[in-house]
Amino acid sequence: MKIVKATEDNIRISAGIIKKGGLVAFPTETVYGLGADALNPIAAASIFEAKKRPFFDPLIVHIADLSDVERVARNVASKGLKLMERFWPGPLTIVLEKLDIVPDIVTSGLATVAVRMPVHPAARGLIREAGTLLAAPSANRFGCLSPTTAEHVYNQLGDSVDMILDGGPCSIGIESTIVKIMNNRIYLLRPGGIAPEEIEDFTGEVLLAGYPKNKPEAPGQLPYHYSPEKQVILVDKITRTEERSGYLFFKQPESPYREDKSRVLSAKGDLREAASNLFAYLHWLDTLDIDKIYVERVEGSGLGVAIMDRLKKASMKYI
Ligand code: TXA
Ligand code: MG
């Protein structure tokens, strides 16, 4: 078993693996990442291989310190700098103009690079110890559920990873929010662990939705993503009980329900708690002997925007 606790010693060993071009799965506060040396194109290529990820889907470069930004990006807009100062370290990814040192395979040939500074001490410890930056997508097979525990990583990627650092369950549990600044306006490319309202309150401007329509280079814009094996069906309220179905409630249901086939995202309906449980509960439901998973829609504000984005994409698989 290659899952090891994220101790200082194991972080040092993992950093050695990264320096040699290997793959290390590591904890972040959002989801587990599958890390390789972002400045080594061959190492980065093995991420795509392990995940079975298409090369047109670019990776996020993870940094440990603010000064790392200038190793990979240039011409950072002042709005970008303010966002970094306010939200880093944390679940915010910012798309920036890239330097030539960043291999094309990392950015899928784009002129931009997505950069994020995670909070998790094991993640930043690994980056510092490796002396490079880490290209890291979520450590799942392409299109499947994102991992929020070391076991989730092992179950999906198994032996294609050289080491899995176990830092416990992810505290936020949903991927980072991705923004890009163009013509002095801020675009939301992927809703995530920081609520859009939080960014809007800080900047005093409304985030522009999505990406100008020219290219599907923005995250998760494929028809489905984040999907369990089982069929996901979104409903406003779960009312039915079928023998071969599982259930994911948003809040504590008023009437009795099949506890052996159900999970409640947050008894009180707290969106943060719901986000942190989302992938873990979907992973669990996916292991049951059922055909379908009924999922209740959540409120579409705050972290609910990111939760609904993942749920809609999960439910698209069979449409
Ligand atoms: O929370 C997270 O962001 C996690 C942890 C591991 O840090 N990472 C993550 O990576 O979610 P991934 O690869 O699953 O999703 C990254 C998304 C991709 O869908 C990709 O399309 C988008 O970021 N992306 C990367 N570079 C981009 C760029 N230059 N322009 C626009 N989108 C980009
Ligand atoms: Mg992903």
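The values are calculated or read from the model by the stated rules, or taken from the named source; none is laboratory data. Predicted model only: the values in this text are computed from it and were never measured. Here Cβ is always computed from backbone atoms with ideal geometry, including for glycine, and neighbour counts include all displayed protein chains. These area figures cover heavy atoms from the full protein model, side chains too; ligands, DNA and RNA do not enter into them. Shrake-Rupley method; radii C 1.70, N 1.55, O 1.52, S 1.80 Å.
Taking every DSSP beta bridge that has both ends in the chain, the antiparallel portion is near 45%. Considering only ILE178, ILE238, ILE307, give the residue with the highest GNM mean-square fluctuation for the chain, with springs between Cα atoms whenever their separation is below 10 Å. Its mean-square fluctuation being the largest, the pick is ILE238.
Hydrophobic, long helices, defined as DSSP H runs whose alpha-carbon span along the helix axis is 20 Å or greater and whose mean Kyte-Doolittle value is at least 0.0, occur in the chain at 271-287.
Using the Cβ of ALA280 as centre and a radius below 12 Å, the other residues enclosed give a net charge of -2, where K and R count +1 and D and E count -1. Per-residue ellipticity at 222 nm from helix content only, as computed over the chain with -39500 (n - 2.57) for each DSSP H run of at least four residues, stands at -8500 deg cm²/dmol.
Straight-line cross-link partners of LYS82 among the lysines, defined as a Cα under 19 Å from its Cα and at least 8 positions apart when in the same chain: LYS98, LYS180.
Placing a pseudo-label 7 Å from each Cα along the Cα-to-Cβ vector at THR7 and GLU151 gives an inter-label distance of 2.2 nm.
Projected onto their three principal axes, the Cα atoms of the chain cover extents of 57, 48, 32 Å, largest first. Ligands, DNA and RNA left out, the accessible area of the chain computed with a 1.4 Å probe is 51% carbon and sulfur.
Taking LEU208, LEU96, LEU34 in turn, the Gaussian network model of the chain (Cα-Cα springs below 10 Å) assigns the largest fluctuation to LEU208. Using a simple spin-label model with pseudo-atoms 7 Å out from Cα toward Cβ, LEU81 and MET316 lie 3.7 nm apart.
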